[in-house]
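The values are calculated or read from the model by the stated rules, or taken from the named source; none is laboratory data. The structure displayed is predicted, hence computed values, not measured ones. Backbone-built Cβ (ideal geometry, glycine too); neighbour counts: all protein chains shown.
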Amino acid sequence: MTDIDTKTFFGAGVEQHLDALFSVALRLTRTRTDAEDLVAEAVAKAWASIDTLNDQARFRPWMFRIMHNTFVSDYRKRSIRPIEASFNDGENDDDDLASLLNEQSDDFLVWWSNPEREFFNTLLGEQLLEALDNLPEAFRTVVILVNVEGFTYDETADVLGIAPGTVRSRMKRGRTLLQKALWEQRPGLHEGTDHET
Amino acid sequence: MKHDIGCLQAIEALYAYLDGELDDPDSIAEFEQHVDHCRSCFSRIEMERALKQRIQKTARHATPEELRDRVAKLMKKL
């Protein structure tokens, strides 16, 4: 491949995935300015290490891995936000997970199926983003990569440098925590019982 | 007709099914067969699917023009 071919390939790849890179960066950094800086920095770093891309078909996970590594190193270096208190990775807590599902998911299911669902839908965008952004980073990242960008568990594991089994357990726990957060911030929860008869 | 896997096994397989990670045809068939006749699991997967679609729709953003211009300038310098 000539230098021009490589540059053309790289430019097309970045262009193809730019919305996805920005969307993931926005959820990682939680501010638009930081997200833009992160994407730009990741693109520059990716080009500088283009020789490490051994298989062009793997451009997407390779590019996202560089962006995630950039986020992690920059985040730790600059300490923009405190690292979340230690969290349970979810790898050895099937009992705990089952308990959470049993306690909360049926209620959530009923709420979701409520006849006033259309009303909830008008509010759910902001609620969802808030709930997503409040997830511990380890869960937030896998939920976004798998749920929003359609990465497979293997690709996500590749991006994050973790085992596919860890992706699976983090997805389960991340979803459960997300539903719990939505349930706890559902409309009307803190409005008392004035409208009840 | 295959044996019914039951609700516990279906719930266990639910996320893998939703995420396209359940790649064994027999496992997929068993899961779908259970969901076809279990109202509770059907409701559960519909809720999970709707939530997943809602998250996809909500968390996808178009690249701001400022960033698009910035990346374009960066690419020219390469």
The condition from (1) within 18 Å of A:Glu155 (Cα to Cα); (2) away from every other protein chain (no Cβ under 12 Å); (3) surrounded by fewer than 15 Cβ atoms within 10 Å (Cβ to Cβ); (4) polar (S, T, N, Q) that A:Ser73 misses is numbered (1)
So which pairs qualify, if the first residue must be in the stretch A:11-34 and more than 9 Å from chain B (Cβ to nearest Cβ), the second must be surrounded by fewer than 21 Cβ atoms within 10 Å (Cβ to Cβ) and part of a helix (DSSP H, G or I), the Cβ gap must be under 7 Å, and the two must be at least 6 apart or on different chains? A:Gly13/A:Phe59; A:His17/A:Arg60; A:Arg30/A:Asp133
Within the stretch B:45-63, which residues are facing chain A (nearest Cβ under 7 Å), more than 11 Å from the chain's Cα centre (by Cα) and over 25 Å from B:His34 (Cβ atoms)? B:Thr58, B:Ala59, B:Arg60, B:His61, B:Ala62, B:Thr63
Given the residues A:Arg173, A:Arg186, which is the only one that is modelled with pLDDT under 95, of a type outside the set (A, V, I, L, M) and buried (at least 22 other Cβ atoms within 10 Å of the Cβ)? A:Arg173
Among the residues of the stretch A:103-125, are any modelled with pLDDT of 90 or more, outside the structural domain of A:Leu21 (by TED's automatic domain parsing) and within 19 Å of B:Glu48 (Cα to Cα)? no
Considering only residues that are in a helix (DSSP H, G or I) and free of Cβ contacts under 8 Å to residues at least 40 places away in the same chain, look in the stretch A:133-155 and name the one that is surrounded by the fewest Cβ atoms within 10 Å (Cβ to Cβ). A:Asp154
Is it the case, given these coordinates, that A:Met67 is surrounded by 15 or more Cβ atoms within 10 Å (Cβ to Cβ), more than 10 Å from chain B (Cβ to nearest Cβ), under 16 Å from A:Phe151 (Cβ atoms) and touching a His at 6+ places or on another chain (Cβ under 8 Å)? no
